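What follows is one structure encoded as structure tokens, with my remarks underneath.
The values are calculated or read from the model by the stated rules, or taken from the named source; none is laboratory data. Here the structure is a predicted model, which means the values were calculated and not measured. For neighbour counting, all protein chains shown are included, and Cβ atoms are generated from backbone atoms with ideal geometry for every residue, glycine included. Areas reflect the complete protein model, heavy atoms only, side chains present, ligands, DNA and RNA absent. Shrake-Rupley method; radii C 1.70, N 1.55, O 1.52, S 1.80 Å.
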Amino acid sequence: MTSTEAVTAGFQELYGAVPDGVWAAPGRVNLIGEYTDFNEGFVLPLALPHTALAAVRRRDDDVLRLYSADLGAPQVELRTEELAPRGDGGWAAYPAGVVWALRQAGHPVRGADLYLTSTVPTGAGLSSSAALEVVTALALNDLYALGLTRPELARLAQRAENDFVGVPCGVMDQMASACCTPGHALHLDCRDLSQRQVPFDPAAHGLRLLVVDTRVRHALGDGAYAERRAGCEEGARRLGLSHLRDLPYPELDAALTTLGDERLRRYVRHVVSDDHRVRQVIARLDAGDVRGIGPLLLAGHRSLRYELRISCPELDLVVDTARAAGALGARMTGGGFGGSAIVLAEEGAADTVAGAVRTAFAAAGHTAPRIFTAVPSAGARRLTAPTA
Ligand code: ADP
Ligand code: MG
């Protein structure tokens, strides 16, 4: 049975009817450009083969029924007209928040039955939350014939996470899930959401991109994102800029001398140099020099570790071990303090590198990491043909 047939069967068993269709939206990893999105800078994510799936049926009333096959939790039933941000922390806030955001924006969305399941690891920095939001947004866009573009859907999904769930994320995750294409990374300008598909196909170059999920999440991370974000905004303000994106890289050193605060100097240096590294990585990918991005990934990790200071021992162990075992490059990805790292290695060396990371984790007494290959995959899509 394909996964499409499985969610269709699950939907039918739960709701006693046939779904109108099945949709998919992937998780993502970011190749480079970290903590740049809320500074209106640049990011370069790619979609994972791991997806959230939704079998959905439109309803004629305002009842919204939500079910996640992964949680074994009871089905949640809400009224679309009564949706309001509550910040109760429940998983249903992600899809319900999308319905809320669509309705807030004036779109005529009413009831629906949703059956959801996902292969995106949760809480690993791989955006299982965005996958859930985007699959919901795309399904409702189709079923209610809203005619919204993918960037518009991504913005609404971000709004759902910011204002309904209560997580102050940037727009990268939702844009990656909505807009990525196979064999590419997505060069995204987080100011105006302009984008370009940049060829990135490690296998075609005899390479492999590994994702290492450290399976740790340090509590320290909870307040750190808000603190770094506030620090970046303060840095921009003191430099007389709307956002750090507006500081050209060649002017970075001169600008830093005018910033008295050592902490703000580190944050500004990270953001502006990471924006620059995004451009450098893209130049090398466009030139077909995929191996050449390795040193830039390592430089990105050093910046996150020593300037922004959002790494942790487990992430540093992945990067240091992978490098020592012959990887071309590696860096932590996502919000930090745990979650995942990426490793770029020659195809012939990838298993050795993965083995070295596993051994190092065991020797350090850490939980065994989850390691898989990140094949740049498709963004959100409908899996079943629309019926007339
Ligand atoms: P990440 O996006 O990095 O995976 P988040 O904390 O942003 O981590 O989102 C994880 C949350 O998303 C989970 O705690 C859960 O509420 C929700 N979620 C993700 N996948 C599923 C799923 N398959 N079923 C139900 N909820 C899910
Ligand atoms: Mg998330």
Accessible area of residue 128 in the full protein assembly, 1.4 Å probe (Å², nearest 10): 30
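For the chain, calculate the relative contact order in percent as a whole number, restricting contacts to Cα pairs under 8 Å that are 6 or more residues apart.
RCO, the chain: 23 percent.
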Environment charge of residue 69, counting only residues whose C-beta is closer than 14 Å and scoring Lys/Arg +1, Asp/Glu -1: -3
Net charge dipole size for the chain [Lys, Arg +1 and Asp, Glu -1 on Cβ; Debye, nearest 20]: 480
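In the range 42-128, what percentage of the DSSP-assigned beta bridges are antiparallel, given to the nearest 5? Walk me through the numbers on the way to the answer.
Details: 11 of 16 bridges.
Just about 70 percent of them are antiparallel.
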Volume per residue that the Cα convex hull of the range 63-123 spans, once the total is divided by residue count, Å³: 96
For the range 54-166, size of Cβ-based charge dipole, Lys and Arg +1, Asp and Glu -1, in debye: 180
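Please give the calculated 222 nm ellipticity per residue for the chain, where each DSSP H segment of at least 4 residues contributes -39500 (n - 2.57) and the sum is spread over every residue; nearest 500 deg cm²/dmol?
On the way: 11 runs with 147 residues, N = 388.
My calculation for the chain gives -12000 deg cm²/dmol from helical runs alone.
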Charge-dipole axis of the range 201-373 as Lys and Arg at +1 and Asp and Glu at -1 on Cβ define it, positive-most pick from 361, 272, 207: 361
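Among 291, 208, what's the order by accessible area (1.4 angstrom probe), most exposed first? Mind showing how you got there, number by number?
Values: 291 95, 208 40 Å².
Largest to smallest exposure gives the sequence 291, 208.
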Estimated vicinal HN-Hα couplings, Hz - the range 30-45 in sequence order (Karplus 6.51, -1.76, 1.60; Gly, Pro = x): 9, 5, 6, x, 10, 6, 9, 5, 6, 8, 6, x, 10, 9, 9, x
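Would you mind classifying the range 90-205 by shape? Square roots of the alpha carbon gyration tensor eigenvalues, ordered a ≥ b ≥ c; an a/c under 1.5 is rounded, otherwise it is prolate if a/b is larger than b/c and oblate if not.
Verdict is prolate for the range 90-205.
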Whole-number accessible area per residue in Å² for the chain, which is evaluated in the context of all protein chains at 1.4 Å: 39
Global size of the chain as Cα Rg and Dmax, reported in angstrom: 20.9, 67
Dmax and Rg, reported as Rg then Dmax, of the range 160-207 (C-alpha, Å): 13.8, 44
Full-extension gain in nm, residue 197 to residue 382, via 0.36 nm per residue minus C-alpha separation: 64.6 nm
Listed residues 340, 242, 273, most fluctuating in the chain (Gaussian network, C-alpha, under 10 Å): 242
Extension gain, residue 82 back to residue 263 (0.36 nm per residue minus Cα-Cα distance, nm): 60.8 nm
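At 0.36 nm per residue, minus the direct Cα-Cα distance, what do residue 358 and residue 205 gain on full extension? Give it in nm, one decimal, please.
Values: separation 153, 0.36 × 153 = 55.08 nm, distance 2.53 nm.
That pair, residue 358 and residue 205, stretches by 52.6 nm at full extension.
Kirkwood Rh, the range 201-373, all Cα pairs: how many Å?
On the way: mean 1/r = 0.0589 Å⁻¹.
One decimal place: 17.0 Å for the Kirkwood radius.
What is the dipole size for the range 201-373, taken about its Cα centre, with +1 at each Lys and Arg Cβ and -1 at each Asp and Glu Cβ, in debye to the nearest 20? Could you put the intermediate results ahead of the total?
Working: 23 positive and 22 negative charges, 49 e Å.
Dipole size: approximately 240 debye.
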Under the Karplus curve 6.51 cos²θ - 1.76 cosθ + 1.60, θ = phi - 60°, whole-Hz ³J(HN,Hα) for the range 367-382, x wherever Gly or Pro sits: 4, 4, x, 9, 10, 8, 8, 9, 8, x, 10, 6, x, 4, 7, 8
Value of Rg/Rh across the range 14-98 [Cα atoms, Kirkwood radius]: 1.05
Cα-derived Rg to Rh of the range 243-326, Kirkwood definition: 1.02
